[in-house]
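Reading through the C-alpha cells given below for one structure.
The values are calculated or read from the model by the stated rules, or taken from the named source; none is laboratory data. Nothing here was measured: the structure is a model prediction, and the numbers come from that model. Backbone-built Cβ (ideal geometry, glycine too); neighbour counts: all protein chains shown.
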Amino acid sequence: MTKIDPRTEIKEFLSSRRARITPERAGLPAYGGNRRVKGLRREEVALLAGVSVDYYVRMERGSLAGASDGVLDAVASALHLDEAEREHLFQLARRSRAPGGPRRRRPAATVRPALRQVLDAITDAPAWICNGRYDVLAMNHLARALYSPVLADPRRPANTARFVYLEPEAARTFFVDYDRIARDVAAKLRMEAGRNPHDEDLIALVGELSTRSELFRQRWASQDVRLHRSGRKRVHHPVVGRLDLDVESMELPAEPGLLLNVYTAPAGTAAADGLAVLASWATETTGSELRP
C-alpha cells in the first residue's frame, strides 16, 4: 500500500454503512419483491437525511468537501452511525475539505523523560504508552512482564497489531478474546487512518499486515472503526496464567496521538493475586526480552 486515498475511504465507508441498514430498521415501509441492493438504496438515505439524491450520490462517490456539519449529522443519523463512526465521517470530511491544508502533527516517536517517570511511579499496575499505530513506546516494569509474549519479537518498537495478526498462534494463546481483539485492532487502525491518512508509517503497517494476513485483509475491508476506550482485557500469561484486567486508555493532551494504558484488578480477586505474582516474577527477570 502506497497511500490511503480519502475519496476511496469515503466511498467504501458510506456504502458499507448503508448496506447494513434495512428499510425496516430505518423506519421505511417494507415493500415486497426482491431488492437489488443490500440494505438501503442511495435514494432512501437521501430521503432520510433530507438531501437530494444527486447530492448524496456525490457524497458516496467520495466528495464531502461541500458537506456542512448539519448535512453530515443528518447522514450519520440516517445511517445509524455510532459515536466512533460519526467521528470517522467528520474526520473524512475535514480531510476532504482541505486536502492540501496543514497535516496533523505526527505523533512523537519517543516518550519524554517526565512521562517515563510517570510510568515508573505506577508500581502496582502494568502501564504503557503507545501511539495510534499500536507501536509500544514506553512501559513500566510490570507492563514489560505482562506483555512479554509481545516483546519476544526483537523488532522495535514492538507493535501489538503485528503480534495479533502476524503471530496468530501466540496471540490466540495470549489473548483470551482473540477474535474481539483482532476486530478491535483493525477498527482502531482504520480510525487512525481517517485522522491521519498521510502517516507513512501507518500506511506501511497497513500494507505489511494486508500482504501477510488474510484475517487482517478481511477486517480492514469491513470498514469498521472503533475508539480507544476503557474496557476489559483477558489474557493468559505464560507464567501466572489467566488475568482478567480492567483497562483505562487515556489520551495525553500534551502529546497528541499518544495513549497511556493502565491495567488494574479489584483487590481480593484472582487477577489481583496474579498481578502480585507477576510483579514478583518481574523483579527477578532482566534482560532485553523485557524492553519495549
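Condition first: under 18 Å from the mean Cα position of the chain (by Cα) and charged (D, E, K, R). Now tell me which residues in segment 231-245 satisfy that.
Arg232, Lys233, Arg234
Tell me which of these Glu169 doesn't satisfy, since it passes every other one: (1) under 22 Å from Leu227 (Cβ atoms); (2) at pLDDT 95 or above.
Against the list (1) under 22 Å from Leu227 (Cβ atoms); (2) at pLDDT 95 or above, Glu169 comes up short only on (1).
With the structure loaded, tell me whether Arg144 is over 14 Å from the mean Cα position of the chain (by Cα) and either in a helix (DSSP H, G or I) or not aromatic (Phe, Trp, Tyr) (or both) or whether it fails that test. Can you show your working first?
Numbers: over 14 Å from the mean Cα position of the chain (by Cα): yes; either in a helix (DSSP H, G or I) or not aromatic (Phe, Trp, Tyr) (or both): yes.
It is true that Arg144 is over 14 Å from the mean Cα position of the chain (by Cα) and either in a helix (DSSP H, G or I) or not aromatic (Phe, Trp, Tyr) (or both).
Quick one: which of Leu252, Leu258, Leu278 is of a type outside the set (Phe, Trp, Tyr), in contact with a helix residue (DSSP H, G or I) (Cβ under 6 Å, 6 or more places away or on another chain) and either in the same structural domain as Thr173 (by TED's automatic domain parsing) or modelled with pLDDT under 95 (or both)?
The match here is Leu278.
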